[in-house]
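**Student:** Below is a structure I'd like to ask you about.
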Amino acid sequence: MVKVLFVCMGNICRSPMAEAVFRHLVTEAGLADQFEIDSAGTLGFHAGSPPHPGTQRILRDRRVPLGDHLAREVLPSDLDDYDYVLAMDRENLADLRSLAPHNRRARLFLDYAPHQPLREVPDPYYNGAFAATYDLVLAASGGLLDAICREQGLTPASPTL
C-alpha cells in the first residue's frame with residue numbers, strides 16, 4: 001500500500017483538491033486498491049470543516065469526486081506513516097520539517113510538475129483562482145502518479161498516464 005498525504009495550511013482549498021484529483025487519477029488508472037490517499041493542514045483552525053466552496057465548485061465542474069473530506073491538522077506521526085508527503089508551498093514544507101526534523105519525506109508538490117513555471121501552488125483562498133490551482137494540481141498529480149508507478153513498479157491500466 002502506497003500512502004500519500006497532501007498538505008496545505010488549512011486543509012480546505014489546495015490539499016483536499018490535490019487529494020481528490022490524485023485519487024481520481026489513481027482510480028482511473030485502476031490502482032485504487034494500491035493507495036491510501038489523504039490530506040491535512042499545518043494549522044488546525046479549519047479542523048472539521050468541509051472544503052472551501054471554490055474547491056467544491058471546481059471539482060464538481062471537472063467531474064472529480066470530492067468524497068466526504070473534513071479538514072484535519074497534520075500530525076508529527078503523519079510524516080512517518082506516509083510514504084509521500086506533498087507540501088503546497090515552501091512555508092508548508094518548512095512547517096512539516098519543523099514537526100519532524102529527522103524526516104525528509106516531505107517535498108514540494110510541484111516538484112512533480114517540472115514543466116510548470118511555478119514551484120509553489122498559490123492559495124486560492126486569498127486570490128480566488130481555483131481554476132488555475134486546479135490546473136497546477138492536475139499537472140503535479142499526473143507527474144506524481146507516474147513517479148510512484150516507476151518507483152513502486154506499478155502498472156497503470158490507463159495508457160494515458
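**Student:** Kindly check whether there is at least one residue in the stretch 120-137 that is surrounded by fewer than 18 Cβ atoms within 10 Å (Cβ to Cβ), under 16 Å from GLN34 (Cα atoms) and charged (D, E, K, R).
**Tutor:** no
**Student:** When you look at PRO117, is it at negative phi, in contact (Cβ under 8 Å) with a residue 12 or more places away in the chain and part of a loop (DSSP other than H, G, I, E, B), yes or no?
**Tutor:** no
**Student:** Within the stretch 84-103, identify whether any single residue is of a type in the set (Gly, Ala, Ser), touching a Gly at 6+ places or on another chain (Cβ under 6 Å) and not in a loop (DSSP other than H, G, I, E, B), and answer yes or no.
**Tutor:** Within the stretch 84-103 (the criterion being of a type in the set (Gly, Ala, Ser), touching a Gly at 6+ places or on another chain (Cβ under 6 Å) and not in a loop (DSSP other than H, G, I, E, B)), the answer is no, since none of the residues qualifies.
**Student:** May I pose another question? Just to be sure, is GLY54 within 16 Å of TYR134 (Cα to Cα), surrounded by fewer than 20 Cβ atoms within 10 Å (Cβ to Cβ), in contact (Cβ under 8 Å) with a residue 40 or more places away in the chain and small (Gly, Ala, Ser)?
**Tutor:** Here the answer is yes, as GLY54 does meet what is asked.
**Student:** So for the stretch 76-83 (the condition being touching a Ser or Thr at 6+ places or on another chain (Cβ under 9 Å) and not hydroxyl-bearing (Ser, Thr, Tyr)), does at least one residue qualify?
**Tutor:** no
**Student:** Continuing with the same structure: Out of (1) assigned to a loop (DSSP other than H, G, I, E, B); (2) surrounded by 20 or more Cβ atoms within 10 Å (Cβ to Cβ), what's the single condition that is false for GLY48?
**Tutor:** It is condition (2) that GLY48 fails.
**Student:** Which residues, taken from the stretch 120-148, are in contact (Cβ under 8 Å) with a residue 60 or more places away in the chain, of a type outside the set (Ser, Thr, Tyr) and over 21 Å from ALA94 (Cα atoms)?
**Tutor:** Listed by number, the residues that qualify are GLY128, PHE130, ALA131, LEU138, GLY142, LEU145, ILE148.
**Student:** Say whether the condition of being in contact with a Ser or Thr (Cβ under 6 Å, 6 or more places away or on another chain) and surrounded by 21 or more Cβ atoms within 10 Å (Cβ to Cβ) is met by at least one residue in the stretch 95-103.
**Tutor:** No; the residues of the stretch 95-103 include none that is in contact with a Ser or Thr (Cβ under 6 Å, 6 or more places away or on another chain) and surrounded by 21 or more Cβ atoms within 10 Å (Cβ to Cβ).
**Student:** Hey, can you tell me all the residues within the stretch 68-110 that are without any contact (Cβ under 8 Å) to a residue 12 or more places away in the chain and among the acidic types (Asp, Glu)?
**Tutor:** Matches in the stretch 68-110: ASP68 only.
**Student:** Something else: So which of ALA71, ALA131 is out of contact with any strand residue (DSSP E or B) (no Cβ under 9 Å at 6 or more places or on another chain), under 18 Å from VAL21 (Cα atoms) and among the aliphatic types (A, V, I, L, M)?
**Tutor:** Result of the check over ALA71, ALA131: ALA131.
Laboratory data are not the source of any read-out in this text; all were calculated from the coordinates shown. What you see is a predicted model; the values in this text were computed from it and never measured. Backbone-built Cβ (ideal geometry, glycine too); neighbour counts: all protein chains shown.
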